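Since the structure comes first, as structure tokens, the remarks are kept for the end.
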Amino acid sequence: MPQAMFDDPDGMLAMLRESAAGFAVQHSGTKSLRDKRASAGDLDKQAWKAMAEAGWTGLLLPEDFGGAGLGMREQAVLSEALGRALIAEPVAMAAVFSGILLAKVSPSEERARLCTGIADGSVIAVPAWQNPSKSSHAGQVVATATAGGFALTGEKHFVDSARSATDFLVVAECSEGCLLLSVPAATAGLAINQRPGIDGAMIASLSFAGCEVPASQVLSRAESADALLEAPILRSRLALAAELAGIASRALEITIAYTKDRVQFGKPIASFQAIQHRLVDMWSDAEFACAAVVNAVETLEAGDVRAAQLAVLAAKARAGDAAFSICRRALHLHGAMGFTDECDIGLYLKRAINLNATLGQSEALRLQFVELERAA
């Protein structure tokens with residue numbers, strides 16, 4: 001079956017895949033998704049703790065903070081395996097995005113606390129950086145200087161796992177440009193409003209009404225948000241692409257198994273040429289998605305920033321389209337039962353739709369690709 005294939009001389013990547021497979025046996029992804037939907041939850045804390053103990057939440061963090069100090073090759077393999085198992089914890093945002101964001105800021109006690117906590121699972125630090133509107137500054141979080149630090153006013157949207165978060169990494173505007181601040185979830189004046197996403201996971205918006213943040217919790221200052229967010233967004237998109245490729249591959253496997261078992265006119269439907277044609281198309285899409293992820297990882301490792309940006313945009317767009325189209329066709333091949341809640345293939349489709357929209361739909365990423373390519 002399709003899989004991201006990397007050179008693995010020391011067997012590290014194989015061990016990661018085996019570890020994820022064993023984890024999935026103990027922590028069912030489909031059961032967790034259904035439980036979250038039923039309880040309006042946003043994160044399985046027991047599963048997150050187990051992931052931290054396995055070293056996954058700190059995979060990209062330096063060893064000085066209790067992390068594994070590994071790279072995007074290992075992260076891509078892990079994310080792909082989590083996608084295959086439909087383990088829908090916010091690894092891309094609460095581990096990859098937050099970890100890369102914190103790794104880029106200057107050393108401080110607050111940074112050390114957050115990094116160490118992310119690695120051991122005691123801290124769930126969630127990025128809050130998306131504004132209410134791209135076309136207007138209305139509602140954006142503004143940091144106003146006070147005697148002891150800053151007061152925050154405004155909103156941030158599309159925040160993952162807000163109810164379970166211990167801290168938020170907030171990007172705010174100020175008179176000198178942009179700030180990155182650590183804001184504990186229990187801070188006075190901070191309100192969390194959440195709604196269910198298409199896969200049942202909760203998506204939140206944060207409202208800040210004069211939240212007082214001491215100067216010790218200012219993690220970084222920059223001229224613009226782009227300077228802070230470029231690296232975290234790039235690597236998080238790549239992790240999402242790998243997860244989507246895993247979803248696509250596993251959805252294909254489930255469908256092949258079903259068509260071999262489903263009998264019509266005295267034969268398994270997998271023996272019908274029309275079905276075989278569909279399965280081959282799905283297989284091709286999954287293979288191309290995995291290949292795009294491998295290409296993006298290797299290009300990123302080569303160190304050419306612009307080439308890496310193009311490769312990651314292509315991988316996220318390719319994997320997003322592949323996961324959605326494969327899951328949609330898989331639903332069709334399952335027939336009427338595919339639309340029932342008891343059938344897992346529907347959960348794969350909903351998860352694919354959710355991740356495809358995270359950090360840019362495929363169409364938007366292709367436009368960014370063209371714009372960046374023409375800018376050369």
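What follows is calculated from the coordinates using simple rules that are stated; it is not laboratory data. Small disclaimer: the values here were computed from a predicted structure and weren't measured. Every residue, glycine as well, gets a Cβ built from its backbone with ideal geometry; the counts of neighbours run over all protein chains shown.
Given R₀ = 22 Å, FRET efficiency for GLN264-GLU342 by Cβ-Cβ distance, to 0.05?
Working: r = 21 Å, r/R0 = 0.95.
Efficiency computed from Cβ-Cβ geometry: 0.60.
What number, in nm² with one decimal, is the all-direction average of the projected area of the convex hull of the alpha-carbon atoms of the stretch 53-180? Kindly include the intermediate steps, with their values, before the conclusion.
Values: hull surface 36.5 nm².
With every direction weighted equally, the projected area is 9.1 nm².
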Check: C-alpha center the stretch 298-333 vs C-alpha center the stretch 258-289, spacing in Å is 24
Please tell me which of these pairs span more than 27 angstrom C-alpha to C-alpha: LYS31/LYS267; LYS267/LYS316; LYS156/LYS350; LYS45/LYS156; LYS49/LYS260?
LYS31/LYS267; LYS267/LYS316; LYS49/LYS260
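Using the beta-carbon distance between SER207 and SER108 and R0 = 30 Å, what value does 1/(1 + (r/R0)^6) give for FRET efficiency, to the nearest 0.05? Don't skip to the end; give the middle numbers.
Details: r = 27 Å, r/R0 = 0.90.
Given R0 = 30 Å and the Cβ-Cβ separation, E is 0.65.
Shape call for the stretch 159-237 from the C-alpha gyration tensor, a ≥ b ≥ c root eigenvalues: rounded (a/c under 1.5), prolate (a/b greater than b/c) or oblate? List each step's numbers first, then the result.
Values: a/c = 2.24, a/b = 1.25, b/c = 1.80.
In terms of gyration-tensor shape, oblate.
For the chain, what is the mean residue ellipticity at 222 nm derived from helices alone (per DSSP H run of n ≥ 4: -39500 (n - 2.57); sum divided by total residues; nearest 500 deg cm²/dmol)? Walk me through the numbers on the way to the answer.
Details: 11 runs with 188 residues, N = 376.
Value at 222 nm, helices only, nearest 500: -17000 deg cm²/dmol.
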Given a 10 angstrom Cα cut-off, can you work out which residue in LEU190, LEU355, LEU61 is the most mobile in a GNM of the chain?
LEU190
Gain in span if fully extended, ALA375 to ALA307, counting 0.36 nm per residue against the direct Cα distance:
23.2 nm
Along Cα→Cβ, 7 Å out, is where each label goes; now give me the distance between the ones at GLU298 and ASP10 in nm to one decimal.
2.1
So what's the angle, to the nearest 10 degrees on a 0 to 90 scale, between helix 225-261 and the longest Cα principal axis of the chain?
20
Roughly how tilted is helix 29-39, in degrees to the nearest 10 and between 0 and 90, from the longest Cα axis of the chain?
60
Using only the Cα atoms of the stretch 1-78, build the gyration tensor, take square roots of its eigenvalues as a ≥ b ≥ c, and label the shape rounded, prolate or oblate: rounded if a/c is under 1.5, else prolate if a/b is larger than b/c, else oblate.
oblate
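Would the chain count as rounded, prolate or oblate if I go by the C-alpha gyration tensor, calling it rounded below 1.5 in a/c and otherwise prolate when a/b exceeds b/c, oblate otherwise? Intermediate results must be reported in sequence, preceding the final value.
Values: a/c = 1.83, a/b = 1.70, b/c = 1.07.
Prolate, since a/c reaches 1.5 and a/b exceeds b/c.
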Using only the Cα atoms of the stretch 46-112, construct the convex hull and provide its projected area averaged over every direction, in square nanometres to one decimal.
4.5
Would you mind checking the tilt of helix 72-84 against the longest principal axis of the Cα atoms of the chain, expressed as 0 to 90 degrees and rounded to 10?
60
Using a simple spin-label model with points 7 Å from Cα along the Cα→Cβ vector, what separation in nm is obtained for ALA21 and ILE198?
3.1
